[in-house]
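S.K.: Here you go, one structure.
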Amino acid sequence: MTPTLRRWYRKMRYGEPVIVVSGLPRSGTSMAMKMLEAGGVPLVTDGQREADIDNPKGYFEDERVLRLAEEADKAWLRGSRGKAIKIISYLLRHLPPENNYKILFMRRDLTEVLASQAKMLERRGEPNATEDERMRQLFETDLWKAGYFMKHAAHVEALEIHYSEVLADPEGHAYRIAEFVGAELDVEKMAQVVDPDLYRNRADG
């Protein structure tokens, strides 16, 4: 069965895909969720984590996601079909195969990710228990595993987007995202919610 035919068969059997926004922490996933919301995609969130100085436009999270690795019953995800949900890269491999998924995977320079995470922990008064070099290794391993999963899982289609490139060309990447999602999204509104002022930790200084 060809990949195209397989996707058609899975769509007929399992319905519209769950749109998953994924990536490492501090990689631009909240920005991507905000873009999808502005474009007209319903979001799956619980509203428990409020906006703060680290994410002034919101986190767009659902705490049920944190239990994907430990819970056998993941039927609640069926209610996310046709909607967007944020799931960190580490948990992607725990997505149940009884859904189709379109994964919008955010990439960001690891130096920027580490700097952003360190500043967030500092502001919260929380210790940074893992040295940067060790954390970099853990992140690299996580990205490799996520990439392997997205490449080989039959129930997944993926589009990788780089955080800095979205900030440099919001409209162009809004079109890319809309085309990938396969819906009539308002790309102008999607581009408008991208805020370059929030690019506060740059690898180039």
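The values are calculated or read from the model by the stated rules, or taken from the named source; none is laboratory data. As the structure is a prediction and not an experimental result, all values here were calculated from the model. Neighbour counts are summed over all protein chains in view; Cβ atoms, including those assigned to glycine, are modelled from backbone coordinates with ideal geometry. With ligands, DNA and RNA removed, areas are computed over all heavy atoms of the protein, side chains included. Shrake-Rupley method; radii C 1.70, N 1.55, O 1.52, S 1.80 Å.
S.K.: Looking only at residues that are under 15 Å from the mean Cα position of the chain (by Cα) and either open to solvent by less than 50 Å² (accessible area, probe 1.4 Å) or not aliphatic (A, V, I, L, M) (or both) in the stretch 46-67, which one is nearest to Leu36 (Cα to Cα)? Reasoning before the result, please.
M.R.: We begin by selecting, within the stretch 46-67, every residue under 15 Å from the mean Cα position of the chain (by Cα); these are 55, 58-63, 65-66.
Checking the rest, the ones that are also either open to solvent by less than 50 Å² (accessible area, probe 1.4 Å) or not aliphatic (A, V, I, L, M) (or both) come to 55, 58-63, 65.
On the way: Asn55: 16, Gly58: 13, Tyr59: 13, Phe60: 11, Glu61: 14, Asp62: 16, Glu63: 20, Val65: 19 Å.
If we take residues in the stretch 46-67 being under 15 Å from the mean Cα position of the chain (by Cα) and either open to solvent by less than 50 Å² (accessible area, probe 1.4 Å) or not aliphatic (A, V, I, L, M) (or both), then Phe60 is nearest to Leu36 (Cα to Cα).
S.K.: Same structure again: Would you mention how many residues in the stretch 154-173 are within 19 Å of Tyr101 (Cα to Cα), in contact (Cβ under 8 Å) with a residue 60 or more places away in the chain and not β-branched (Val, Ile, Thr)?
M.R.: Looking only at that region, the number is 3.
S.K.: Hey, which of the helices (runs of 4 or more DSSP H) in the stretch 75-193, taking only ones fully inside, have at least 2 residues that are over 16 Å from Glu16 (Cα atoms) and touching a Lys or Arg at 6+ places or on another chain (Cβ under 8 Å)? Spell out the reasoning first.
M.R.: Values: elements: 110-124, 132-152, 163-168, 170-181, 187-192.
Because the criterion is at least 2 residues that are over 16 Å from Glu16 (Cα atoms) and touching a Lys or Arg at 6+ places or on another chain (Cβ under 8 Å), the helices (runs of 4 or more DSSP H) in the stretch 75-193 that meet it are 110-124, 132-152, 163-168.
S.K.: Kindly list, by first and then second residue, each pair from a residue in the stretch 19-31 that is assigned to a loop (DSSP other than H, G, I, E, B) to a residue that is of a type in the set (S, T, N, Q), limited to pairs with Cβ atoms under 6 Å and residues at least 6 apart or on different chains.
M.R.: If the second residue must be of a type in the set (S, T, N, Q), the pairs left are Leu24/Ser89; Arg26/Ser116; Arg26/Gln117.
S.K.: For Ser80, are the conditions met, namely being within 23 Å of Phe139 (Cβ to Cβ), among the hydroxyl-bearing types (Ser, Thr, Tyr) and open to solvent by less than 20 Å² (accessible area, probe 1.4 Å)? Even if it seems obvious, please write down each step before you answer.
M.R.: Working: within 23 Å of Phe139 (Cβ to Cβ): no; among the hydroxyl-bearing types (Ser, Thr, Tyr): yes; open to solvent by less than 20 Å² (accessible area, probe 1.4 Å): yes.
For Ser80, the condition - within 23 Å of Phe139 (Cβ to Cβ), among the hydroxyl-bearing types (Ser, Thr, Tyr) and open to solvent by less than 20 Å² (accessible area, probe 1.4 Å) - is not met.
S.K.: Within the stretch 30-43, does at least one residue satisfy the condition of being within 12 Å of the chain's Cα centre (by Cα), open to solvent by 10 Å² or more (accessible area, probe 1.4 Å), at pLDDT below 95 and hydroxyl-bearing (Ser, Thr, Tyr)?
M.R.: yes
S.K.: Please identify the pairs in which a residue from the stretch 65-77 that is free of Cβ contacts under 8 Å to residues at least 12 places away in the same chain has its Cβ atom under 9 Å from the Cβ atom of a residue that is outside any loop (DSSP other than H, G, I, E, B) and basic (Lys, Arg), counting only partners at least 6 apart or on another chain.
M.R.: If the second residue must be outside any loop (DSSP other than H, G, I, E, B) and basic (Lys, Arg), the pairs left are Glu71/Arg64.
S.K.: In the stretch 32-60, which residues are assigned to a loop (DSSP other than H, G, I, E, B), without any contact (Cβ under 8 Å) to a residue 60 or more places away in the chain and in contact with an Asp or Glu (Cβ under 7 Å, 6 or more places away or on another chain)? Steps first, please.
M.R.: Our first condition is that a residue be assigned to a loop (DSSP other than H, G, I, E, B); within the stretch 32-60, this holds for 40-42, 44-60.
Now drop any that are not without any contact (Cβ under 8 Å) to a residue 60 or more places away in the chain, which leaves 42, 44-52, 55, 58-60.
Val44, Thr45, Asp46, Gln48, Arg49 - these are the residues of the stretch 32-60 that are assigned to a loop (DSSP other than H, G, I, E, B), without any contact (Cβ under 8 Å) to a residue 60 or more places away in the chain and in contact with an Asp or Glu (Cβ under 7 Å, 6 or more places away or on another chain).
S.K.: Quickly run through the stretch 118-159 and pick out the residues that are among the polar types (S, T, N, Q) and either farther than 29 Å from Val181 by Cα or in contact with a strand residue (DSSP E or B) (Cβ under 7 Å, 6 or more places away or on another chain) (or both). Can you show your working first?
M.R.: So the first thing to find is which residues in the stretch 118-159 are among the polar types (S, T, N, Q), and the list is 128, 130, 137, 141.
Answer for the stretch 118-159, where residues must be among the polar types (S, T, N, Q) and either farther than 29 Å from Val181 by Cα or in contact with a strand residue (DSSP E or B) (Cβ under 7 Å, 6 or more places away or on another chain) (or both): Asn128, Thr130, Gln137.
S.K.: Still on this structure, please answer the following. Go over the candidates Ala158, Ala146 one by one and state the one that is at pLDDT 95 or above, closer than 20 Å to Pro42 by Cα and surrounded by 18 or more Cβ atoms within 10 Å (Cβ to Cβ). Explain how you work it out, then say what you get.
M.R.: Working: Ala146 fails: closer than 20 Å to Pro42 by Cα.
Only one candidate qualifies: Ala158.
S.K.: Which ones in the stretch 161-200 are under 20 Å from Val41 (Cβ atoms) and among the small types (Gly, Ala, Ser)?
M.R.: Scanning the stretch 161-200 gives Gly172, Ala174, Ala178, Gly182, Ala183, Ala191.
Listed here are the residues, each with its yes/no results for (1) out of contact with any helix residue (DSSP H, G or I) (no Cβ under 6 Å at 6 or more places or on another chain); (2) within 17 Å of Thr29 (Cβ to Cβ); (3) open to solvent by less than 30 Å² (accessible area, probe 1.4 Å); (4) modelled with pLDDT of 95 or more.
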site	(1), (2), (3), (4)
Ala84	no, yes, yes, yes
Leu95	yes, yes, yes, yes
Asn100	no, no, yes, no
Arg107	yes, yes, no, yes
Thr111	yes, no, no, no
Ser116	yes, yes, yes, no
Met120	yes, yes, yes, no
